[in-house]
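Okay, so here's the structure we're looking at.
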Amino acid sequence: MKENETLIRVNPINVEESDFSKTGPISFRAVFEEISVSQIAHLDIRCPGSDSVRVQLDQGETSLGRSSNCRVQINLPDVSREHARITFHHEEYQIEDMDSTNGTYVNGVRIKNCILRNHDQIQIGAAKVYFIEQKRPKK
């Protein structure tokens, strides 16, 4: 054992099975229902020939495409006018392809609709979009 290491010993205890029968089942929801979570998400957008852009996501809808009507405008020839949409639903962010010509890919897989997870890579034309999400307990 090294000088600054702490030794942890685990000693099994002898407990009869009947000792455990005095407890009742408790649901996952009952334990974690009261924990408030702060959720922050953003997109890191990288297009060929330009600097990375960060876009903060809110809990509404974010459209991505070439159109000036899109919240996130990606001016590349292989991006459709209304290419994809990110929505917040049931505490999760989801991305939906809006019938784009070249498709929307998440981690290399073409999708129609997909729940996003932290560090997912979204491919929209030549643009690489990284989904970053942080969940923290509220104090």
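For this structure, a couple of remarks:
- K112 open to solvent by 70 Å² or more (accessible area, probe 1.4 Å), out of contact with any helix residue (DSSP H, G or I) (no Cβ under 9 Å at 6 or more places or on another chain), modelled with pLDDT of 95 or more and within 12 Å of I45 (Cβ to Cβ): no
- Looking across the stretch 59-82, the residues that are in a loop (DSSP other than H, G, I, E, B), in contact with a strand residue (DSSP E or B) (Cβ under 6 Å, 6 or more places away or on another chain), of a type outside the set (A, V, I, L, M) and surrounded by 13 or more Cβ atoms within 10 Å (Cβ to Cβ) come down to C70, R71, S80, R81, E82.
- I86 being in contact with a Phe, Trp or Tyr (Cβ under 7 Å, 6 or more places away or on another chain) and either at pLDDT below 95 or surrounded by 11 or more Cβ atoms within 10 Å (Cβ to Cβ) (or both): yes
Rundown of residues vs (1) in contact with a Lys or Arg (Cβ under 7 Å, 6 or more places away or on another chain); (2) of a type in the set (V, I, T), yes/no style:
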site	(1), (2)
I40	no, yes
C47	no, no
Q59	no, no
I74	yes, yes
Y93	no, no
N102	no, no
G108	no, no
R117	no, no
A126	no, no
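- Residue within the stretch 30-38 that is in a strand (DSSP E or B) and open to solvent by 20 Å² or more (accessible area, probe 1.4 Å) present: yes
The values are calculated or read from the model by the stated rules, or taken from the named source; none is laboratory data. Please read all numbers here as calculations on a predicted model, not as lab measurements. For neighbour counting, all protein chains shown are included, and Cβ atoms are generated from backbone atoms with ideal geometry for every residue, glycine included. Just the protein is used for accessible areas: all its heavy atoms, side chains included, with ligands, DNA and RNA removed. Shrake-Rupley method; radii C 1.70, N 1.55, O 1.52, S 1.80 Å.
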